[in-house]
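Worksheet for the structure shown next.
Nothing in this text is a laboratory measurement; each read-out follows from the coordinates by a stated rule. These figures come from a predicted structure and were not determined experimentally. Quick reminder, even Gly has a Cβ in these numbers, built from the backbone with ideal geometry, and neighbours come from all protein chains shown.
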Amino acid sequence: MNTTDELTTTDVLIIGGGGAGCRAAIEAHDLGAKVTMVLKGKFGNSGCTLHVGTSAVVGFNDDEDDSDISSLCDLISFGGFLGNQDLAKILVTETMERVEEMVDWGIDFLREDDGSVYTYRSAAHTRTRNFTFSPVNPRKHDYGAPPGMAMMDTLTEQIERRGIRVLDDTVLIDLIKGDGKVVGATVLDCETGSLKVVTAKSTVLATGTYSQIFSPTTVSPFETGDGHAAAYRVGAELTSMEASQFVATSIPFPPGTKFLNSLGEEFLPKYGIDNPRDFAKEPLAYAVWKEIMSGRGFKGDNIMLDLSNIQEPESFPWFMDNVERSIKKTGRDPRKEPVESHPKSHTTMGGIVINERCETTVPGLYACGAVAGGVYGHARPEGYTSMITLVFGKRGGEYAAQQALDSPEPVLDMDEITGSFARANAGVDELAVTKASDIKRKIKLATKRYAWVIKDEEGLSKGLCRIQALKDEVATLRAATGRQWARTLEARNLLWAVELHFIGALARKESRGAFFRDDYPDTEPDWLKNIIYSQVDGSLVMGYREPELKYCDPSHHGAPKYRPTSHYGVREYA
Ligand SMILES: Cc1cc2nc3c(=O)[nH]c(=O)nc-3n(C[C@H](O)[C@H](O)[C@H](O)COP(=O)(O)OP(=O)(O)OC[C@H]3O[C@@H](n4cnc5c(N)ncnc54)[C@H](O)[C@@H]3O)c2cc1C
């Protein structure tokens, strides 16, 4: 393989084409930088932003008692006070500007009959802040929900109008360094199977989560932690890699749903949950998994949802769609007989450490969106993540462009490039695809068995051993075609991410936010600190950093209270 097969030069390289990557690209372009986007899958049909249902902002409701600080306190307290309050403040204060800009670019909202924006209070928010984007001229998508599709349509149209260069179906292999800073990336063109180098004065990672270490999961297949792993390999700090979120049920459920165990008991009330719709994903997932762990699940890891008491089911069109689909597929009407359901992994909270300018700890490298960690801490109230993509996407693009426009041409280190190509291209292995699928399957089995909703020392230790035993198998996976090769590269990245997940979960000896340890069920004041992961001379170094409690702290007057008899460190909302 020739290292200069193809060389692309740009000012700002954006890796990832979800909400954060698109918003970053628009900003960097508008500031005058030459921008190149690299993304897995097809432009506009890639990443989790397409799934977004609800978003949150202060200002649509006429609630005079609501404020940015009250929103910040909800977010920070729900995440166990581990979130970076400077970043959270930026998020809550800049969201409305970003939403208004989306309106200028053609997006609409779900509205009341009088034309005002329809708002509602979502679990984990103490005030009514949630709203729903609505598509104006919907494009065709491979998957997603209408509000997320509306976001992606709006952003992709702006990118097309600006003529920004997009290399889709192209995956990041490694970030490359020259003269101590990141100067671009090596990438694989999945269509042709060729390796390329994109040199850049600034590089922005917007590659989403690493939730593909789990199965079943709600996230898109693209979320394999590639950005996390690449940043870690060049020495960037990562945080909260032990934190991930689960949803309690495999299907959405309307108000009036009863959660039943294998004894036919409605079990949520014994966990202090009267109406599941009023509770956030975290306590619900805890209750469901605890019931299953106690041997009261159906067929292993299921519970049953009794949907026979839904009032006015027609007012939930998505529910009626599900009913129709079920009748068509299985002949069963879920309104008449209970349906099986199980928890699923959702998004991850950990990621690359950034500051207010979206700078990582490695010069020349920026991160925004779900790949960046630290904003929430250990849980995620509904609706903020979609706004993180816009707020920090804009910031990432802005500061990356500013740096690029002030920088000389990057200095390339050819050894870095040949090293990256050599690692990716150790000769075609006929069995690479099978081996990579097998490694992915083993990773998912290990997380399902040992790092699911509620964890403990014994399980985490066993799981970590299994994961570490897989590392040797991954060294030389090079498949024949570009797309297959991309899948084999993912196995390597998933292993980096999952190893940090297990090591961090073992280290954190408490329960906090969405992080539950059965053997350490309480939230420990001494653990009010973030775990920082970085690689120095090829080895993992772990550090601990206490969050600055600038605007909100555990004794904060307005913050929701810990549940008094908590086994699991979740908060109770009135
Ligand atoms: C089912 C579901 C429902 C959700 N609902 C909500 C909600 O209602 N409200 C809310 O606020 N949030 C919600 N979220 C969370 C939210 O969707 C995401 O956190 C957010 O959209 C992340 O945006 P992003 O741009 O950072 O990443 P994504 O939109 O995931 O984009 C990541 C991009 O990086 C690309 N990529 C990955 N690896 C590589 C690589 N090696 N090379 C090149 N490109 C790469 C991907 O292909 C993709 O283009 C939901 C998430 C899921 C999964």
> With axes computed from alpha carbons, what is the tilt in degrees of helix 457-469 against the longest principal axis of the chain, rounded to the nearest 10 within 0 to 90?
Replying inline: 30 degrees
> What order, most packed first, do the peptides 529-537, 421-429 have when packing is the mean number of other Cβ atoms within 10 Å of each residue?
Replying inline: 529-537, 421-429
>> Through the Karplus equation 6.51 cos²θ - 1.76 cosθ + 1.60, θ set to phi - 60°, convert the phi angles of region 222-237 into ³J(HN,Hα) values in whole Hz; use x for Gly and Pro.
In response: 6, 8, 10, x, 4, x, 4, 5, 5, 5, 4, 5, 9, x, 6, 7
> Percent antiparallel among DSSP beta bridges with both residues in the chain, to the nearest 5?
Replying inline: 65 percent
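For region 345-459, rounded, prolate or oblate, judged on the Cα gyration tensor with a ≥ b ≥ c (square roots of eigenvalues), a/c < 1.5 rounded, else prolate if a/b > b/c?
Oblate.
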>> Skipping prolines and chain starts, which residues have an amide H placed within reach, meaning under 5 Å, of the one on residue 38, given they are 5 or more residues away or on another chain?
In response: 14, 15, 16, 167
> Each residue of region 479-491 in order: what ³J(HN,Hα) in whole Hz does its phi give by Karplus 6.51 cos²θ - 1.76 cosθ + 1.60, θ = phi - 60°, with x for Gly and Pro?
Replying inline: 8, 6, 9, x, 5, 5, 4, 4, 5, 6, 5, 4, 4
>> With 10 angstrom as the radius, rank 29, 378, 141, 228 by how many other C-beta atoms surround their C-beta, starting from the fewest.
In response: 141, 29, 378, 228
>> Out of the trypsin sites (Lys or Arg not before Pro) in region 14-82, which ones are loop residues according to DSSP with at most 13 other C-beta atoms within 10 Å?
In response: 42
> Where does helix 432-450 land angle-wise versus the long Cα axis of the chain, in degrees 0 to 90, nearest 10?
Replying inline: 40 degrees
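If the only charges are +1 at each Lys and Arg Cβ and -1 at each Asp and Glu Cβ, what is the size of the charge dipole of the chain around the Cα centre, to the nearest 20 debye?
1700 debye
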> What residues qualify as long-range amide H neighbours of residue 316, i.e. H under 5 Å apart, gap of 5 or more or another chain, H built at 1.01 Å from N?
Replying inline: none
> Of all GluC sites (Glu not before Pro) in region 341-406, which ones are in loop regions per DSSP and have a Cβ with at most 15 other Cβ atoms within 10 Å?
Replying inline: 356
> For the chain, what is the calculated [θ] at 222 nm in deg cm²/dmol (nearest 500), taking -39500 (n - 2.57) for each run of four or more DSSP H residues and dividing by its residue count?
Replying inline: -10500 deg cm²/dmol
> So who's got an amide H within less than 5 Å of the one on residue 173, skipping anything under 5 residues away but keeping other chains? H placed 1.01 Å off N, in plane.
Replying inline: 186, 187, 188
> Ranked by Cβ crowding within 10 angstrom, fewest neighbours first, how are 298, 78, 246 ordered?
Replying inline: 298, 246, 78
> Against the longest principal axis of the chain, how steep is helix 85-104, in degrees 0 to 90 to the nearest 10, with axes from Cα atoms?
Replying inline: 90 degrees
> Quick one: Karplus J couplings for region 267-281, per residue in order, coefficients 6.51, -1.76, 1.60, θ = phi - 60°, nearest Hz, x for Gly and Pro?
Replying inline: 9, 4, x, 6, 9, x, 10, 8, 10, x, 5, 8, 10, 6, 4
> Toward the positive end of the charge dipole of the chain, about the Cα centre and with charges on Cβ (Lys, Arg +1; Asp, Glu -1), which of 251, 439, 219 goes farthest?
Replying inline: 439
